[in-house]
Amino acid sequence: MWQTPTRRGVLEGVAVGGLVPVAATGTAAPRATMQDAPIDVTIQETNSPVETGAVLEVTATVGYGGSGSLSTDAVLVVGHDPTVVDTQSIQVGAGATATVELTFETAIVDNDQEFPVWVVVDGATDRTNVLVYADTPPVAIDIYRTNDPLATGEVLEVTARLETEGDVSTTETVELIVGHNPTTVDSATVSVPSTGGRLVTLEFETALVANTQEFPARVVGSSDSAEQTVRVIGTNDDPVETNVTFTSCTRAEVSGTFGDGDNVAASTGFYNEGGGEPLYGNTIIEDWIEIGTHVDAPFAGTIVFEIGDERDVSATPDGARVEVPDYGELGTVLTGITLPPDYPTATISRSNPQAQSCLEEIESGAGDGGEGTLSVSISGTNTPVNAGDFLEVTAVVENTGGGSASGTVALVVGHNPQQVDSTSVSLESGASTTVSLGYTTYPAAQTTQFPVRVETPDDSAVRSVTVHGTES
């Protein structure tokens, strides 16, 4: 029986599927359904399934096709032994529709239960089935990302995705447990929606150690857990292997761990107008970042070198960005990266494998004709937004080359970059257009900052955005 003692009622005069109970005992007698009633009842949604003891919510619309206005009651009836559990007064004008919300506090049960509910307005009804879980639904846990490897003394961040099973919302408490001698270092209690899951970030300030350590980090909930091995670089050890990636002619990403006083630098090649043949020039490690001066030491993350408007070094949520001036009137290319061991001798540690073709493209595009180049800049975003809302990024794409150009403009987001949107453009030389890209953010619990990047085949632009967590 699905009711609380204080909400059970007599159903006399309430038609339910052709039957009407005549007393609180649940006995029923046949009744003719009104065939010509100008009332239409439609159950739009419920919050089923719900946990035992939770409030069941039923939303319905009531349409009235008669003359004048209708003033009556909408009744919620539940159970295999039909019982009135809620009544709301409604008023609907001729030819209009009204929305009514009815509720019912479910009973505490030992087993999962499915039962019918009706919304009844005079002789018109609509029915659906709902489900009540006897136990809290299980929550699956997956580790979404970590910020390791990181330098000793830094804060380890472990982000987990929580997702309910059975399409029901719930509340879950998760703990971060680290080490070979497991120790709980952080915990959080969050609501998990019925669909889409939720991200939660747990943190741990690592101890200062001399030698590099690897240890398990485990996120544990009431019914599931996930584990990942993380790495902390000790003060006596060399940094982790540095990874250098040239993502385009004008952008390079350097990922690794660096100590106080380390320098990472970029070299460029460029062309200027020469009155006839274009004139080639270059720079050798003229644009650099010094760990401990520009950013705190030790440093673990990604340093982005990118051709821009002027020389600048700035911190970002996942590392740092070095803006390299556009030295060339016709274009500038990042030709190489110098890492700390090679910095004293101004030696290029990693050469851009695309450098030669990038420079040839600039040279061939000088003067009349040539190939088009799709340059991009971010003109605005709607940051900050709330978790789960739509994040929009507006960018200006300009053909700065000597010929027409077509290509895809992509939006890439996150510390672990993911493409979330794209559009195609086609521009004549010197023309520009504005594009809007975006995506629906994850319903994360904690406020996060992360980079968004708009990319064309020839260029890219980065902006940091903020998403307010649901618990902020």
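Here are some notes:
- Protein heavy-atom accessible surface, 1.4 Å probe, per residue over the range 326-469: 45 Å².
- Accessible surface of the chain, 1.4 Å probe: 43 percent of it comes from carbon and sulfur atoms.
- Where a label projected 7 Å from the Cα of Thr97 along Cα→Cβ would reach, residues of the range 110-133 with amide N under 18 Å: 119-121, 124-128
- Cα-based equivalent ellipsoid, the range 209-342: semi-axes from gyration tensor eigenvalues, Å: 37, 17, 12
- The share of C-alpha pairs in the range 311-352 whose separation exceeds 18 Å stands at 48 percent.
- Cα-based equivalent ellipsoid of the range 71-160: semi-axis lengths in Å, sorted from largest, via gyration tensor: 47, 20, 10
- Solvent-free Debye scattering, log10 I(q)/I(0), computed from the Cα coordinates of the range 250-312 at q = 0.18, 0.21 Å⁻¹: -0.71, -0.88
- The tail of the calculated P(r) for the range 58-215, taken as Cα-Cα distances beyond 27 Å, holds 52 percent of the pairs.
- In a simple Cβ point-charge model (Lys, Arg +1; Asp, Glu -1; nothing else charged), the chain has a dipole of about 1420 debye relative to its Cα centre.
- Sorting Ser255, Ser429, Ser89 by accessible area puts them as Ser89, Ser429, Ser255; the probe is 1.4 Å, largest comes first, and only protein heavy atoms count.
- Cα pair distances in the range 269-367, grouped into 10 Å bins until the bin that holds the longest one, percent each: 15, 41, 31, 11, 2
- Each residue of the range 221-229 was assigned a 3J(HN,Hα) from its phi angle through the Karplus expression (A = 6.51, B = -1.76, C = 1.60, θ = phi - 60°), giving x, 6, 9, 7, 8, 9, 9, 8, 7 Hz with x at Gly and Pro.
- With the whole protein complex present, Thr235 retains an accessible surface near 100 Å², based on a 1.4 Å probe.
- Per residue, the convex hull volume that the Cα atoms of the range 366-436 enclose (Å³): 95 Å³
- Probing with 1.4 Å while keeping every protein chain in the model, the per residue accessible area of the range 114-219 equals 43 Å².
- 10 Å Cβ shell holding at most 13 others, DSSP loop, GluC sites (Glu not before Pro): longest site-free stretch of the chain: 13-164
- Using heavy atoms of the protein chains and a probe of 1.4 Å, the accessible area assigned to Arg218 is about 80 Å².
- Once you divide the Cα radius of gyration of the range 149-270 by 2.2 N^0.38 Å, the number left is 1.39.
- Remark: the range 214-362 carries a charge dipole of roughly 340 debye about the Cα centre, counting +1 on each Lys and Arg Cβ and -1 on each Asp and Glu Cβ.
- Principal semi-axes of the equivalent ellipsoid, √(5λ) from the alpha carbon gyration tensor of the chain, are 62, 32, 13 Å from largest down.
- Prolate/oblate/rounded label for the range 339-472 (Cα gyration tensor, a/c 1.5): oblate
- Sorting the Cα pairs of the range 426-472 by distance into bins of 10 Å, from 0 upward, gives 18, 41, 24, 13, 4 percent per bin.
The values are calculated or read from the model by the stated rules, or taken from the named source; none is laboratory data. Fair warning: this is a prediction, and the values are worked out from it, not measured in the lab. All Cβ positions, glycine included, derive from the backbone under ideal geometry; neighbour counts span all protein chains shown. Surface accessibility is based on the protein's heavy atoms, side chains included, excluding ligands, DNA and RNA. Shrake-Rupley method; radii C 1.70, N 1.55, O 1.52, S 1.80 Å.
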